[in-house]
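**Q** Below is one structure. I have some questions about it.
The values are calculated or read from the model by the stated rules, or taken from the named source; none is laboratory data. Note that the structure is a prediction, hence the values are computed from the model and not measured. Using ideal geometry, Cβ is built from the backbone for each residue, glycine included, and neighbour counts are taken over all protein chains shown. Each accessible area value is taken on the protein alone, full model and side chains, heavy atoms only, with ligands, DNA and RNA left out. Shrake-Rupley method; radii C 1.70, N 1.55, O 1.52, S 1.80 Å.
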Amino acid sequence: MPSRSMSVGESLSRARMYELDLPRPQLQVAYHDDDGLIGFADVDWNGVVGEMDGKRKYGIPDGSSAAQATDVLWRETKREDRMRLRCRALVRWDWATAISADRFRRRLANVGFVPQPRNTWLEECRAAS
């Protein structure tokens, strides 16, 4: 399993979720299908997958051909297609969305996540003390 946060953008996104009293997700959840590992969801709320996308994810190495660039985009498209068949819903956001609390709240509200009446992120810590 990868580390709990694969990027600064994912960490920012989780901080924003906490700030907005949104439900706490599971992190880096593995998804599989008959062909094997699809990939790891950045965040997962019981089958609703959230992914923070930065430009680096689609980075094309200097000197790459058009065919190599197309291949990078094609592989990600196929991965997303496979993921969508396994999860209940998939929502993506980028830096501009994660930075704006209002835009981030609206994006997650589109898949049913709204502020909770009480922030539950620290309940495990409270229960242990």
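**Q** Is it the case, given these coordinates, that L22 is under 17 Å from the mean Cα position of the chain (by Cα), touching a residue at least 12 places away in the same chain (Cβ under 8 Å) and surrounded by 14 or more Cβ atoms within 10 Å (Cβ to Cβ)?
**A** yes
**Q** Taking A66, is it open to solvent by less than 50 Å² (accessible area, probe 1.4 Å) and either of a type in the set (A, V, I, L, M, F, W, C) or touching a residue at least 40 places away in the same chain (Cβ under 8 Å) (or both)?
**A** No; evaluated as a whole, the condition is false for this residue.
**Q** Look through L108, L12 and report the one residue that is in contact (Cβ under 8 Å) with a residue 12 or more places away in the chain and in contact with a Leu (Cβ under 7 Å, 6 or more places away or on another chain).
**A** Only one candidate qualifies: L108.
**Q** Would you mind finding the one in R56, R126, R86, R75 that is modelled with pLDDT of 90 or more and among the basic types (K, R)?
**A** Just one listed residue meets the conditions, R86.
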